[in-house]
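Below is one structure, written out as structure tokens; comments come after it.
The values are calculated or read from the model by the stated rules, or taken from the named source; none is laboratory data. Just so you know, these numbers come straight off a predicted model, no measurement behind them. No Cβ is skipped: glycine too gets one built from the backbone with ideal geometry, and neighbour counts run over all protein chains shown. Keep in mind that these areas ignore ligands, DNA and RNA; they rest on the heavy atoms of the full protein, side chains included. Shrake-Rupley method; radii C 1.70, N 1.55, O 1.52, S 1.80 Å.
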Amino acid sequence: MEETKSTGTFGQGKWFEQKAKLIAKFPVLTEADVHYEQGNREEMLRKIEAKLGKTKEELNLIIQEL
């Protein structure tokens, strides 16, 4: 299922664009890891943090730089 621009947006950019860049930068991530559902942003980010071994602050910085 494709995410729409309206439901996949947060941070400084569009999540649907950022997640593709994040997967490209960290191939260990899968579509399932970066799948955003409204209301579950924090849970998704915690999973990504754990998989990458990054802190919340480090991950936020990475996402902002995408």
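Remarks
- 10 Å beta-carbon shell around residue 65, net charge (K/R +1, D/E -1): +2
- Taking Lys and Arg as +1 and Asp and Glu as -1, the other residues whose beta-carbon sits under 11 Å from that of residue 25 total +1.
- Approximate spin-label separation residue 40-residue 26, in nm, with each point projected 7 Å along Cα-to-Cβ: 1.8 nm
- Ellipsoid equivalent to the range 20-66 - semi-axes via the Cα gyration tensor, in Å: 14, 13, 10
- Taking all protein chains together and rolling a 1.4 Å probe, residue 47 ends up with roughly 120 Å² accessible.
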